[in-house]
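Student: A single structure is presented below for examination.
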Amino acid sequence: INELKGSLETYSDRQKKGAGAILGVNHQGVLEIHRGMIAPPDPKAQKAKEKETARAAAVERGEPEPSGFSEALMRKLTANRTAALAAHLLDCPRVALDLLCAQLATQLIYRGGWYGAAGVHISPTSQSATLLSAAGEQLETSKAWLAIEARRAELLKRLPENPADLFGWLSQQSELEVIEILCFCTATSLNAIVGSESASRPLAAVEDAIGLDLADWWQPTRESFLNQVPKAVTVAALQEAGASADVVKAVGAAKKTEAAELAEAQLRDSGWLPAPLRGLHYAMNTAARAKRSAKEAPAAKKRASTKQPATAKQGLPKKRAAVRVVAKAAAVGNAKPTSKRKPQATEAWPFPNTGRP
């Protein structure tokens, strides 16, 4: 009987690729081999495959690809935007103090039940869990999140171990020390998550005030963006980022998974952002990058014509961060003062040099 059963257990090469064997030892200590076992499909992979198949079928029927971002993607993007805003605000104590004051005043001074300064949640309630729920595990490894947690660890080293001693400790500190702690508490209370592209943008004025450009904090990777948008959006992103026509054509002809992989390599460090993450300083820095590229183009062409081997320092563009600093400095220098009272040294932002690393 065993020989007859064994003669029937023949598998084609195709079946072998999709199946495997499970080895075990029974209660009598005898080795058992169960062949032809097929692992259950990954629900997420199966769902993604079905979605891609449906999309491809719709394209073949001549139906246009869906435009816009889903609610899940919008919440993910704006959770990252909130984390970046919070991380940037940590070094802008005067702006954080103004924001805290505005939120308290609109609730306690104004009449008529108007609660302005939308986007600040001061109960006090940390918004960390809310941001992680919206953005997923990817947020925990982001530049903004790591900056916030590093500042938290730094503050905890200075604060008394027992919270009951905090008030007495604060009374012995400088105003700047107290403002820095207030700044952190305000920043980690932010929640500017929205689920629709048409929704108003909470805290846009704060973003502009501190010179926030999400390109400093966020990258359009497959996990953060490209896997969740139609290929048409990816192609449009490459065109806006200035990718070559050959690259755009290759991405357009590739399957969505491969297209996302190719696009990620092209968009990395390009400074490109999807519309929900753009702000005033994104436009300024984009113009600065375009102007810089126009200036560098003739020099690059001249270097190519000489056919000399490039050295380690030749042909390297200036760092994008430097351009952003120049643009930010220009914006701050040209900004009109909002108050006739001259700011004191302890109110300045970013923090003056206090000797900390």
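Student: Where the second residue is modelled with pLDDT of 75 or more and part of a strand (DSSP E or B) and the first is open to solvent by 90 Å² or more (accessible area, probe 1.4 Å) and among the charged types (D, E, K, R) and lies in the stretch 35-53, which pairs have Cβ atoms under 6 Å and are six or more apart or on separate chains?
Tutor: Here the result reads Arg35/Ala21, each pair linking the stretch 35-53 to a residue that is modelled with pLDDT of 75 or more and part of a strand (DSSP E or B).
Student: Shifting gears a bit: Looking at Ala237 and the list (1) surrounded by fewer than 17 Cβ atoms within 10 Å (Cβ to Cβ); (2) at pLDDT 90 or above; (3) of a type in the set (A, V, I, L, M), which single condition is not satisfied?
Tutor: Unmet condition: (1).
Student: Which members of the stretch 218-231 meet the condition of being out of contact with any Leu (no Cβ under 9 Å at 6 or more places or on another chain) and open to solvent by 40 Å² or more (accessible area, probe 1.4 Å)?
Tutor: Arg222, Glu223, Asn227
Student: Scanning the stretch 251-274 for residues that are assigned to a helix (DSSP H, G or I) and open to solvent by less than 10 Å² (accessible area, probe 1.4 Å), which turns out farthest from Lys231 (Cα to Cα)?
Tutor: The selected residue is Leu267.
Student: Which residues, counting only those in the stretch 132-153, are within 16 Å of His88 (Cα to Cα) and either assigned to a helix (DSSP H, G or I) or charged (D, E, K, R) (or both)?
Tutor: Result: Leu139, Lys143, Ala144, Trp145, Leu146, Ala147, Ile148, Glu149, Ala150, Arg151, Arg152.
The values are calculated or read from the model by the stated rules, or taken from the named source; none is laboratory data. The structure presented is a predicted model; accordingly, all values stated were derived computationally and were not measured. Cβ sites come from the backbone with ideal geometry, for glycine too, and all protein chains shown count toward neighbours. Remember, those area values only see protein heavy atoms, side chains included, never the ligands or the DNA or RNA. Shrake-Rupley method; radii C 1.70, N 1.55, O 1.52, S 1.80 Å.
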